1. Taking A:HIS94, is it touching an Asp or Glu at 6+ places or on another chain (Cβ under 9 Å) and in a helix (DSSP H, G or I)?
2. Report, by residue number, each residue of region B:82-91 that is surrounded by 15 or more Cβ atoms within 10 Å (Cβ to Cβ), part of a helix (DSSP H, G or I) and at the interface with chain A (Cβ under 7 Å from one of its Cβ atoms).
3. Looking only at region B:60-76, count how many residues are under 15 Å from B:GLU16 (Cβ atoms), surrounded by fewer than 16 Cβ atoms within 10 Å (Cβ to Cβ) and within 12 Å of DNA strand C (Cβ to nearest atom).
4. So which of A:LEU58, A:LEU49, A:LEU34 is at pLDDT 95 or above, closer than 24 Å to B:MET88 by Cβ and not charged (D, E, K, R)?
5. Could you tell me which residue of region A:3-15 is modelled with the highest pLDDT, considering only residues that are within 7 Å of chain B (Cβ to nearest Cβ) and outside any helix (DSSP H, G or I)?
6. Going through B:GLU45, B:GLU79 one at a time, which residue ends up being acidic (Asp, Glu) and in a helix (DSSP H, G or I)?
7. Determine whether A:PHE18 is in contact with a Gly (Cβ under 9 Å, 6 or more places away or on another chain), more than 10 Å from DNA strand D (Cβ to nearest atom) and within 11 Å of another protein chain (Cβ to nearest Cβ).
8. Name every residue in region A:31-52 that is within 13 Å of DNA strand C (Cβ to nearest atom), of a type outside the set (Val, Ile, Thr), within 15 Å of A:ASN70 (Cα to Cα) and within 13 Å of another protein chain (Cβ to nearest Cβ), in order of residue number.
Number of protein chains: 2
Amino acid sequence: MRPAMPSDSDTATLAETFRLLGDPTRLRILFFCLEAPRSVGDIAESLQLSQSLVSHHLRLLRGARLVRGNRLAKQIFYELSDRHVSGMLADMAHHVNEEN
Amino acid sequence: MRPAMPSDSDTATLAETFRLLGDPTRLRILFFCLEAPRSVGDIAESLQLSQSLVSHHLRLLRGARLVRGNRLAKQIFYELSDRHVSGMLADMAHHVNEEN
DNA sequence: AAAACATATGAATATGTATTTATATGTTTG
DNA sequence: CAAACATATAAATACATATTCATATGTTTT
């Protein structure tokens, strides 16, 4: 039996994850951190975003445990913390542009 | 080489898809139509939503080609039209609840 | 301990969007 | 062709949220 419909509660949980992935700025941050752990400053500079904006988005991603930060000296390096989401993002990026 | 970061344009496209998946009501509709093609009325009744609301959401999903409708007599049956998204949704539903 | 640095937080604002209510469109059956 | 039916659209509203600007927190150097 392949398609078992998730409960409303599980669906809500998933929707919350997708909602967070659904903002272009956040998604850019995630893809950038998918390649390697990145400091907040690096993210801001590389993606041409204000430090504040990056920090705000990271907070949301942290709150959903999509991302985790490790301090190294002065900087905090963020990386993706959910394997399924990481894999799914890589897969989606790989298949984008395919006409169904 | 596994992780190739998508272009900003592709990232925006993906974000738009995720944004649409990021609403609980829409996601419930999608999971319901993932099991089998469903008429608008069936969706509304089964998920306890107004016909108007269902129609509005279906319009957005149609606009992004995530869903496609086929008319059969009086009713229009909607089904998912993107294989990758369908597979990804099934996979996500399967792995939800796992503590990474 | 003070200064410098990197990151986080708060308030304000502007824009987006989900839902409802009312009505329209279009297909089908009598 | 008219009546009935299923779906779609429009306008209004209430709420969420992305971004900016200003400032705070906390860690690390000197």
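The values are calculated or read from the model by the stated rules, or taken from the named source; none is laboratory data. Nothing here was measured: the structure is a model prediction, and the numbers come from that model. Cβ: placed from backbone, ideal geometry, glycine included. Neighbour counts: every protein chain shown.
1. Numbers: touching an Asp or Glu at 6+ places or on another chain (Cβ under 9 Å): no; in a helix (DSSP H, G or I): yes.
So A:HIS94 fails the test.
2. B:HIS84, B:MET88, B:ALA90
3. Our first condition is that a residue be under 15 Å from B:GLU16 (Cβ atoms); within region B:60-76, this holds for B:60-67.
Filter again for surrounded by fewer than 16 Cβ atoms within 10 Å (Cβ to Cβ), leaving B:60, B:62-63, B:65.
Those left that are additionally within 12 Å of DNA strand C (Cβ to nearest atom): B:60, B:63.
Residues that pass the stated criteria total 2.
4. Values: A:LEU58 fails: closer than 24 Å to B:MET88 by Cβ; A:LEU49 fails: closer than 24 Å to B:MET88 by Cβ.
After applying the criteria, what remains is A:LEU34.
5. Among those residues, the one meeting the criterion is A:PRO6.
6. Numbers: B:GLU79 fails: in a helix (DSSP H, G or I).
Being acidic (Asp, Glu) and in a helix (DSSP H, G or I) holds for just one of B:GLU45, B:GLU79, which is B:GLU45.
7. On the way: in contact with a Gly (Cβ under 9 Å, 6 or more places away or on another chain): yes; more than 10 Å from DNA strand D (Cβ to nearest atom): yes; within 11 Å of another protein chain (Cβ to nearest Cβ): yes.
Yes; evaluated as a whole, the condition is true for this residue.
8. Of everything in region A:31-52, those that are within 13 Å of DNA strand C (Cβ to nearest atom), of a type outside the set (Val, Ile, Thr), within 15 Å of A:ASN70 (Cα to Cα) and within 13 Å of another protein chain (Cβ to nearest Cβ) turn out to be A:CYS33, A:PRO37, A:ARG38.
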